[in-house]
Every structure is written in structure tokens, then in C-alpha cells.
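Trainee: Below are the C-alpha cells for one structure; questions will follow.
FYI, it's all coordinate maths here, none of it is from the lab. Owing to the predicted nature of the structure, the values given are computational and were not obtained by experimental measurement. Neighbour counts are summed over all protein chains in view; Cβ atoms, including those assigned to glycine, are modelled from backbone coordinates with ideal geometry.
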Amino acid sequence: MNEPENTFDLHPNVKNALIHPQKGMEMRGWLKKNPDKALHFRGETGETMMHWAFLSDSVFASDLLQVGLSFEDKDNLGRTPFDWLTDRLFGAILSKKTNLSKGGQERLLRQSMDLFFALWGLGARPSDGISSGKIWLSAGAFETIPLFVDAYGADNWLPEGATLLHALVLSPNTPKRALLASDTSRFVDINKKDIAGRTPLWYVTDTWLKHEDKRSNMVSLAHLFLRLGANKDIKDEKNFGPLDIITFDQNNQDMLNVLIGGEKTGAIVSL
């Protein structure tokens, strides 16, 4: 991001702390003397100091809240500070244009989750809860999802009324996904259909069919869903069920074995 323009002069140390609030001793000292300037600061996209604080320092965000800045203030594009945090997560991890290494992505994900929990605890919320939740889910920030579900529910996580269990099919493959799926199945019907009649297991087999690089993951997820009570015989509105879908590929033995025998074998899930 470029340095924000402002309508008043900032000392270089203060301006640097605004952009990198983890160096925020100067920022907090300046804030105590200049609360009115903090209230009126606007950057190049109309953002407030709160937007910048959401990228790296929840304590500074709390200080700004005490001064009178709001978590709800929007930039010129209608984005709140929480949206900035979510947008950065998307750009760094999910965007095809990301230039971060895997290690860099993992560090940013951990920092973003730390900020998420601190800011959520202060009362900050995204402007669009489910849309934001889908980004955090897709980035693998599974620990944040129960808070989204508690605030916004487990429905409509994909188009056409699909649930969080449907959305988990497309989320990163880690043991935390299995744990979240197990927890979610306690209050969301594993066989709930979207408006096209498709269950989470239907999505598993459809993803297995269309993405060969994800087949091993989908086989493991099918094991898990079956153990959670998924019904392989439920068909969608076009009369296609999981068993029908996998027949479109003759090399279907691995998934076929799971769907036919997984319920009986009680196979151990290894995600």
C-alpha cells in the first residue's frame, strides 16, 4: 500500500508508525497530544487511521476507539476497517497475484487471526458477515468460523442456500477442517440440500469428478461425511446422486469403494 496522504503535517516517525503500527510507541504518544487530528485524518482512499490500525495493531485500534473513531467508518469504496483486514487476507493468500511465499502466507495468516480475535472482542464486525466468513474459511482460518456462525448462522455459505458443510468441501484440506466439519454437523443436518437438491456429499463427489488433483482429499472427506451420517443415495433435482456422479469417470474405484463400503468399514479418516 502507498503511504496515505493527509490534510495536515505528520512528523515522519508518526507517519511511519501509522503505516506500521507495530512500531506504535510514537503513534500512541502522538495520539495523546493530537486526538482531533486523528479524528480528521483521511488517507488517499478516504480511509481513517482505524483502517490502518486494523492491519497490524489491535491495541492502537482500541486507543483510536477511545478517541472517538469508529469501527464502522468507510473509505471511498465503502470498505470498513474490518473489510481492510479481510481484503488483505484475500490478497495475500487467495489471490492468484500474491507474491508471498508459503511461509510468508502462514505468518500473515497467524497475525491476521490474532488481530481478528482481538478486534472482534472489541466489537468490530465486517460489513458483510457471510461474505467475509467465506474468505476466512477459504484462507484456512478455521478458528474464526465459529464466531461467524454464532453471529450470522451456518446457512447461505455458498450460492443457492448451501450450508457451511457444503462450503467446507472447497476449503483447505487440514485436520482442522475435519474438526470443524464434525462440530458443525452437530447443529447442521449433514444431508441438508441446497435449492438444487445437492447435499454436502454431492459436492464432494462433484469436486472429485472435476478436479483430479483433489481426488485424494475428496476420498478422505467422503469417509468423514459418511461417518457423520451422510446419505449417499440422496439425489438432486436432476436425479443425480453421489453414485451417479462418479460413474462419469471410469477410474472411480477409490471413491466407489468409499461410497459402497465406507459406512460399514468405519474407516479412519486421515485428512
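Trainee: Rounded to the nearest 500, what is the chain's calculated 222 nm mean residue ellipticity when only DSSP H runs of at least 4 contribute -39500 (n - 2.57) each, over all residues? Before the final figure, lay out the partial values.
Mentor: Numbers: 15 runs with 142 residues, N = 271.
Taking each H run of at least 4 residues, the total per residue is -15000 deg cm²/dmol.
Trainee: Return the sequence-ordered ³J(HN,Hα) values of region 242-248 in whole Hz as given by the Karplus equation 6.51 cos²θ - 1.76 cosθ + 1.60 applied to θ = phi - 60°, using x for Gly and Pro.
Mentor: Whole-Hz 3J(HN,Hα) from phi for region 242-248: x, 5, 5, 5, 6, 6, 6.
Trainee: If you take the beta carbon distance between D114 and D189 as r and set R0 to 41 Å, what does 1/(1 + (r/R0)^6) give as a FRET efficiency, to the nearest 0.05? It would help to have the intermediate numbers written out before the result.
Mentor: Working: r = 34 Å, r/R0 = 0.82.
That gives a FRET efficiency of 0.75.
Trainee: Starting from the 7 Å offset along Cα-to-Cβ, what nm value, one decimal, do you get for the label separation of N173 and D128?
Mentor: 3.0
Trainee: I need T86, T184 ordered by Cβ neighbour count within 10 Å, fewest first. Show your work: numbers first, answer last.
Mentor: Working: T86 25, T184 21.
Exposure proxy ranking, most exposed first: T184, T86.
Trainee: On full extension of the chain, what length is gained from E143 through L243, given 0.36 nm per residue of separation minus the C-alpha to C-alpha distance?
Mentor: Working: separation 100, 0.36 × 100 = 36.00 nm, distance 3.28 nm.
Extra length from E143 to L243 when fully extended: 32.7 nm.
Trainee: Separate question: Which is the longest stretch in the chain that no exposed loop site breaks, taking sites as trypsin sites (Lys or Arg not before Pro) with a DSSP loop state and at most 14 other Cβ atoms within 10 Å? Don't skip to the answer; put the middle values down first.
Mentor: Values: sites that count: K96, K97, R186, K238.
It works out to 1-95.
Trainee: Moving on. On a straight-distance basis, which lysines could pair with K102 in a cross-link, Cα separation under 27 angstrom, same-chain partners fewer than 8 positions away excluded?
Mentor: Straight-distance partners of K102: K23, K134, K176, K210, K214.
Trainee: Related question: Convex hull over the Cα atoms of region 154-265, averaged projected area in nm²?
Mentor: Details: hull surface 25.5 nm².
Its Cα hull, projected and averaged over all orientations, spans 6.4 nm².
Trainee: Calculated from the structure, Cα extents along the principal axes in Å equals which of (i) 52, 49, 32; (ii) 70, 32, 28; (iii) 85, 65, 35?
Mentor: (ii)
Trainee: Also, I was wondering about something else. Mind listing the long-range amide H neighbours of S185? Cut-off is under 5 Å, sequence gap 5 or more, other chains count too, H placed in the peptide plane at 1.01 Å from N.
Mentor: Residues meeting the amide H criterion: none.
Trainee: Here's something else I'd like to know. Along the Cα→Cβ direction, 7 angstrom out, place labels at L256 and S70. What is the inter-label distance in nm?
Mentor: Calculated label separation equals 6.1 nm.
Trainee: Excluding the sites themselves, what is the longest stretch of the chain that contains no chymotrypsin sites (Phe, Trp or Tyr not before Pro) in a DSSP loop with at most 13 other C-beta atoms within 10 Å?
Mentor: On the way: sites that count: F8, F187, F248.
Here the longest segment lacking exposed loop sites spans 9-186.
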